[in-house]
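Chemist: So that we are looking at the same thing, I have put the structure below in structure tokens.
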Amino acid sequence: MLFAGAALTLSCGSANVPTESAKGTPEMTLSITSSAFSQGAPIPRDYTCDGANKQLPVAWSGAPDGTAELALTMDDPDANGYVHWVVTGIPAEASSIEGQLPAGATSGQPYRGPCPPSGTHRYVLTIYALSAPLGAPASTAAQVKGAAADKTLATATLTGTYRRGSST
């Protein structure tokens, strides 16, 4: 499934380039996109507290072999990591969240759209490919990151911005 948004991809290795398998073919690289905005661009008003506060559509691809489940977080690093969304237990075969969560996924923190008190804030969506289920409920990005520390096969991020009063 292709989306209009650009993706920032991070590989499992130390560089942001695909690694090669033993057969010499590039391995897939985890990436995350949104059809609502592209990397670094403003998040449309409809997905914020100033609009309809609709849940952002997100899609991902390139989960590495051995992925048992995925987790998704959205936080605001400009507000001390304020958490806007946490979804865990996403089945490995799922490739997007558009409206409803995939069967089996749970929302530790339901979606709360961007709503900065002042200025422009950044909102970071992070998808985690995990080698085993998290096992414990998580309602913050820090809890997901902590529980995933020894299970993370790959991560990818997508950052959008929002400033209250903007017309986008």
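Chemist: What does the charge count around ALA92 come to, taking other residues whose C-beta lies under 11 Å from its C-beta (Lys +1, Arg +1, Asp -1, Glu -1)? Don't jump to the answer; show the numbers that get you there.
Modeler: Values: positive: none; negative: ASP65, GLU69, GLU93.
Net local charge, ALA92 excluded: -3.
Chemist: If you take the C-alpha gyration tensor of region 32-163, multiply each eigenvalue by 5 and take the square root, what semi-axes do you get, largest first, in whole Å?
Modeler: They are 24, 15, 13 Å, listed largest first.
Chemist: On to the next question. At what distance in nm do the modelled label points of ASN53 and ALA149 sit from each other, each positioned 7 Å from its Cα along Cα→Cβ?
Modeler: 3.4
Chemist: Could you tell me the calculated FRET efficiency between ASN80 and ALA103, based on Cβ-Cβ distance and R0 = 25 angstrom, to the nearest 0.05?
Modeler: Values: r = 34 Å, r/R0 = 1.34.
Computed FRET efficiency for ASN80 and ALA103 comes out at 0.15.
Chemist: Report the extension gain between ALA41 and SER118 in nm, rounded to one decimal, defined as 0.36 nm multiplied by the number of residues separating them, less their alpha carbon distance.
Modeler: Working: separation 77, 0.36 × 77 = 27.72 nm, distance 1.78 nm.
Length difference between fully extended and current span is 25.9 nm.
Chemist: To the nearest Å, what is the center-to-center distance of region 141-161 and region 62-140, using C-alpha atoms only?
Modeler: Region 141-161 and region 62-140 have Cα centres separated by 8 Å.
Chemist: Per the Cauchy relation, a quarter of the hull surface: what is the mean projected area of the convex hull of the alpha carbons in region 67-143, in nm²?
Modeler: Details: hull surface 20.3 nm².
Convex hull of Cα atoms, orientation-averaged projection: 5.1 nm².
Chemist: Now for a different question. What is the local net charge at ALA63, summed over the other residues whose Cβ is closer than 10 Å to its Cβ (Lys, Arg +1; Asp, Glu -1)?
Modeler: Working: positive: none; negative: ASP65, GLU69, GLU93.
Overall, the nearby charge balance is -3.
Chemist: Report relative contact order for region 32-163 in percent, whole number only (criteria: Cα-Cα under 8 Å, sequence separation at least 6).
Modeler: Relative contact order, region 32-163: 31 percent.
No lab work stands behind these numbers, since they all come straight from the coordinates. In this text the structure is predicted, and so the values were computed from the model without any measurement. Virtual Cβ from ideal backbone geometry, glycine too; neighbours counted across all protein chains shown.
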